[in-house]
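**Student:** Okay, here's the structure, questions in a sec.
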Amino acid sequence: MANTLLLTYFGPFPGVPVNPTVALAEGAVRALNTARPDLRIVARELPVSYDGSSAALCAALQEVQPDALISLGVAVGRDVVSLEQVAINLDSAGIEDNDGDRRCDEPIVPDGREAYFSSLPVRASYERLRAAGEPVEISYTAGTYVCNHVFYEGQRISRELGLSIPAGFVHVPATCADGEEPTEGTGMTAHRDAGGVVRDEQGVPYLPESTVVRIIAEIASDTLPAVD
Ligand code: PCA
């Protein structure tokens, strides 16, 4: 039976009117369907909501019963794709989630584990992609907003459901369509809590969409290697 990858992404949230992870997930599904026909890819949007994302992720994991979970989120202001290493048990951000929930120093799970490490092959993927000249890094903070929350919950809920699967998070920079210059005034705002990098100069760095799609597909392939 085909191995199944659950790929999650997010829609808009304050400061990000169009979330690039929607198009990136779609592109990664297409790329993987071609490159890895042995895999079944299920892409699901999660709400940018602390409580809502936990519920939606739990429902998706129960329904899909995946063999791996990769979650995508945008970190405006970063200039490379980040393989996140660690999720912490903390919700704390200056911006509200899409349900109007603003949290300050709240544990995701009271008395829960303080942190989880990614169980994706972070180091191996990073080394391989770097050697191929791809714009990637290992990141040691996924912020303290909904992305970190989903990363933490993916680890916790998959264990709770008895799914012993590789699970982790990839933060992407802002993207632009191939061959196009990023247009100014796209309304993208970097939030430090959301893993963003706030820069002094105007504008945020962008990567071409096709580059990021390729990297996501490679990480997925490293996570669920083909068996012959
Ligand atoms: N980025 C936010 C939440 C949704 C998204 O795409 C974050 O980094 O927390």
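The values are calculated or read from the model by the stated rules, or taken from the named source; none is laboratory data. Since we're looking at a predicted model, the values are computed, not measured. Neighbour counts run over all protein chains shown; Cβ positions are idealised from the backbone, glycine included.
**Student:** Evaluate the following for residue 31: is it within 27 Å of residue 160 (Cβ to Cβ) and in contact with a helix residue (DSSP H, G or I) (Cβ under 8 Å, 6 or more places away or on another chain)?
**Tutor:** no
**Student:** Do you know which of the residues in the range 166-178 that are of a type in the set (A, V, I, L, M) and surrounded by 21 or more Cβ atoms within 10 Å (Cβ to Cβ) is modelled with the lowest pLDDT? Quick ask: steps written out before the conclusion?
**Tutor:** Of the residues in the range 166-178, the ones of a type in the set (A, V, I, L, M) are 167, 170, 172, 174, 177.
Filter again for surrounded by 21 or more Cβ atoms within 10 Å (Cβ to Cβ), leaving 167, 170, 172, 174.
Numbers: 167: 98, 170: 98, 172: 98, 174: 95.
Taking the candidates together, the pick is 174.
**Student:** Considering only residues that are crowded, with 19+ Cβ neighbours inside 10 Å and in contact with a Pro (Cβ under 9 Å, 6 or more places away or on another chain), look in the range 46-59 and name the one that is nearest to residue 155 (Cα to Cα).
**Tutor:** 53
**Student:** Additional query: So if I check each of 127, 134, 181, which one is more than 16 Å from the ligand (Cβ to nearest atom), free of Cβ contacts under 8 Å to residues at least 24 places away in the same chain and surrounded by 13 or more Cβ atoms within 10 Å (Cβ to Cβ)? Lay out the reasoning, then the answer.
**Tutor:** On the way: 134 fails: free of Cβ contacts under 8 Å to residues at least 24 places away in the same chain; 181 fails: surrounded by 13 or more Cβ atoms within 10 Å (Cβ to Cβ).
Among 127, 134, 181, only 127 is more than 16 Å from the ligand (Cβ to nearest atom), free of Cβ contacts under 8 Å to residues at least 24 places away in the same chain and surrounded by 13 or more Cβ atoms within 10 Å (Cβ to Cβ).
**Student:** Right, another one. Need pairs with beta-carbon distance below 8 Å; first residue farther than 22 Å from residue 205 by Cβ and in contact (Cβ under 8 Å) with a residue 60 or more places away in the chain and within the range 51-79, second acidic (Asp, Glu) and part of a helix (DSSP H, G or I); sequence gap 6+ or separate chains.
**Tutor:** The qualifying pairs are 53/153; 54/153; 57/153; 58/153.
**Student:** Scan the range 29-45 and give yes if some residue there is within 16 Å of the ligand (Cβ to nearest atom), crowded, with 20+ Cβ neighbours inside 10 Å and in contact (Cβ under 8 Å) with a residue 60 or more places away in the chain, otherwise no.
**Tutor:** No.
**Student:** Quick one: residue 193 ticks every box in (1) of a type outside the set (Gly, Ala, Ser); (2) out of contact with any Gly (no Cβ under 8 Å at 6 or more places or on another chain); (3) surrounded by 16 or more Cβ atoms within 10 Å (Cβ to Cβ) except a single one, so which number is it?
**Tutor:** (2)
**Student:** Does residue 119 meet the test of being within 29 Å of residue 3 (Cβ to Cβ) and crowded, with 21+ Cβ neighbours inside 10 Å? Lay out the reasoning, then the answer.
**Tutor:** Values: within 29 Å of residue 3 (Cβ to Cβ): yes; crowded, with 21+ Cβ neighbours inside 10 Å: no.
Spelling it out, it is not the case that residue 119 is within 29 Å of residue 3 (Cβ to Cβ) and crowded, with 21+ Cβ neighbours inside 10 Å.
**Student:** Another question, then. Looking at the range 69-109, which of the residues that are small (Gly, Ala, Ser) and surrounded by 22 or more Cβ atoms within 10 Å (Cβ to Cβ) is farthest from residue 123 (Cα to Cα)?
**Tutor:** Here is the first cut: in the range 69-109, the residues small (Gly, Ala, Ser) are 71, 73, 75, 77, 82, 87, 92-94, 100.
Right, trim to surrounded by 22 or more Cβ atoms within 10 Å (Cβ to Cβ) and you get 71, 73, 75, 82, 87, 93.
Numbers: 71: 17, 73: 20, 75: 20, 82: 12, 87: 16, 93: 28 Å.
Result: 93.
**Student:** Continuing with this model, one more query. Hey, among 112, 100, 52, which residue is within 14 Å of the ligand (Cβ to nearest atom) and either out of contact with any Ser or Thr (no Cβ under 7 Å at 6 or more places or on another chain) or modelled with pLDDT of 95 or more (or both)?
**Tutor:** 52
**Student:** May I ask you to verify whether residue 113 is basic (Lys, Arg), without any contact (Cβ under 8 Å) to a residue 60 or more places away in the chain, surrounded by 16 or more Cβ atoms within 10 Å (Cβ to Cβ) and assigned to a loop (DSSP other than H, G, I, E, B)? Break it down into steps so the answer makes sense when it comes.
**Tutor:** Values: basic (Lys, Arg): yes; without any contact (Cβ under 8 Å) to a residue 60 or more places away in the chain: yes; surrounded by 16 or more Cβ atoms within 10 Å (Cβ to Cβ): no; assigned to a loop (DSSP other than H, G, I, E, B): yes.
It is false that residue 113 is basic (Lys, Arg), without any contact (Cβ under 8 Å) to a residue 60 or more places away in the chain, surrounded by 16 or more Cβ atoms within 10 Å (Cβ to Cβ) and assigned to a loop (DSSP other than H, G, I, E, B).
**Student:** I'd like the full set of residues that are closer than 22 Å to residue 10 by Cβ, of a type outside the set (S, T, N, Q) and more than 15 Å from the chain's Cα centre (by Cα), limited to the range 122-160. So that I can check it myself, show each step before the final result.
**Tutor:** Filtering the range 122-160 for residues closer than 22 Å to residue 10 by Cβ gives 122, 125, 135-158.
Now drop any that are not of a type outside the set (S, T, N, Q), which leaves 122, 135-138, 140, 142-143, 145-147, 149-154, 156-157.
Matches in the range 122-160: 135, 156, 157.
**Student:** To continue, here is another question. Based on this model, can you work out whether residue 108 counts as outside any loop (DSSP other than H, G, I, E, B) and on the phi < 0 side of the Ramachandran plot? Can you show your working first?
**Tutor:** Numbers: outside any loop (DSSP other than H, G, I, E, B): no; on the phi < 0 side of the Ramachandran plot: yes.
Spelling it out, it is not the case that residue 108 is outside any loop (DSSP other than H, G, I, E, B) and on the phi < 0 side of the Ramachandran plot.
**Student:** List the residue pairs whose Cβ atoms are under 7 Å apart, where the first residue sits in the range 150-165 and is closer than 15 Å to residue 108 by Cα, the second is part of a loop (DSSP other than H, G, I, E, B), and the two are 6 or more positions apart or on different chains.
**Tutor:** 151/142; 152/89; 152/108; 153/108; 156/109; 156/112
**Student:** State whether one or more residues within the range 102-111 are among the basic types (Lys, Arg) and over 22 Å from residue 10 (Cα atoms).
**Tutor:** The initial filter retains those residues of the range 102-111 that are among the basic types (Lys, Arg), namely 102-103.
The next check asks that each one be over 22 Å from residue 10 (Cα atoms); those that pass are none.
No: zero hits.
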